[in-house]
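Comments concern the structure below.
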Amino acid sequence: MYTVGSIIQIFFYLVVISLIITAILSKVNISTLKIMLFGIALILFTNSVLKGMIMYGIDDLISVIGLSFCIVGFFKRDK
């Protein structure tokens, strides 16, 4: 299980990565649905393939990146 400190750290990573992805995708004209589907694909890939294979919690970090893509795709507006 995660401690309170690690949950706060994951939330911090989520905010920072979401801001970075928002800055990168603001110039690109990609559908928000495709962005969210890419995030879901990342989460499913890490949970089904990488869970337990990679040490040091990198699979959790990749899942956080996928969640960040889903959040950015949800709040980004199509042009």
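Of the residues 67, 61, only one is surrounded by 12 or more Cβ atoms within 10 Å (Cβ to Cβ), in a helix (DSSP H, G or I), touching a residue at least 24 places away in the same chain (Cβ under 8 Å) and in contact with a Phe, Trp or Tyr (Cβ under 8 Å, 6 or more places away or on another chain); which? Quick ask: steps written out before the conclusion?
Values: 67 fails: in contact with a Phe, Trp or Tyr (Cβ under 8 Å, 6 or more places away or on another chain).
So the residue among 67, 61 that is surrounded by 12 or more Cβ atoms within 10 Å (Cβ to Cβ), in a helix (DSSP H, G or I), touching a residue at least 24 places away in the same chain (Cβ under 8 Å) and in contact with a Phe, Trp or Tyr (Cβ under 8 Å, 6 or more places away or on another chain) is 61.
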Open item on the list: Can you tell me which residue is nearest to residue 77 (Cα to Cα) among those in region 24-51 that are out of contact with any Cys (no Cβ under 9 Å at 6 or more places or on another chain) and among the β-branched types (Val, Ile, Thr)?
Closed with: 32
Open item on the list: Six or more apart or on different chains, Cβ atoms under 8 Å: show the pairs whose first residue is in region 27-48 and open to solvent by 100 Å² or more (accessible area, probe 1.4 Å) and whose second is not in a helix (DSSP H, G or I).
Closed with: 29/79
Open item on the list: For region 27-58, give me each residue that is aromatic (Phe, Trp, Tyr) and either assigned to a helix (DSSP H, G or I) or under 11 Å from the mean Cα position of the chain (by Cα) (or both).
Closed with: 38, 45
Open item on the list: Just to verify a result, which residue in region 1-26, among those that are part of a helix (DSSP H, G or I) and among the polar types (S, T, N, Q), is most open to solvent (accessible area, probe 1.4 Å)?
Closed with: 9
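The values are calculated or read from the model by the stated rules, or taken from the named source; none is laboratory data. Nothing here was measured: the structure is a model prediction, and the numbers come from that model. So basically every Cβ, Gly included, is an ideal-geometry build from the backbone, and we count neighbours across all protein chains shown. Accessible surface is based on the protein model in full, side chains and every heavy atom, while ligands, DNA and RNA are left aside. Shrake-Rupley method; radii C 1.70, N 1.55, O 1.52, S 1.80 Å.
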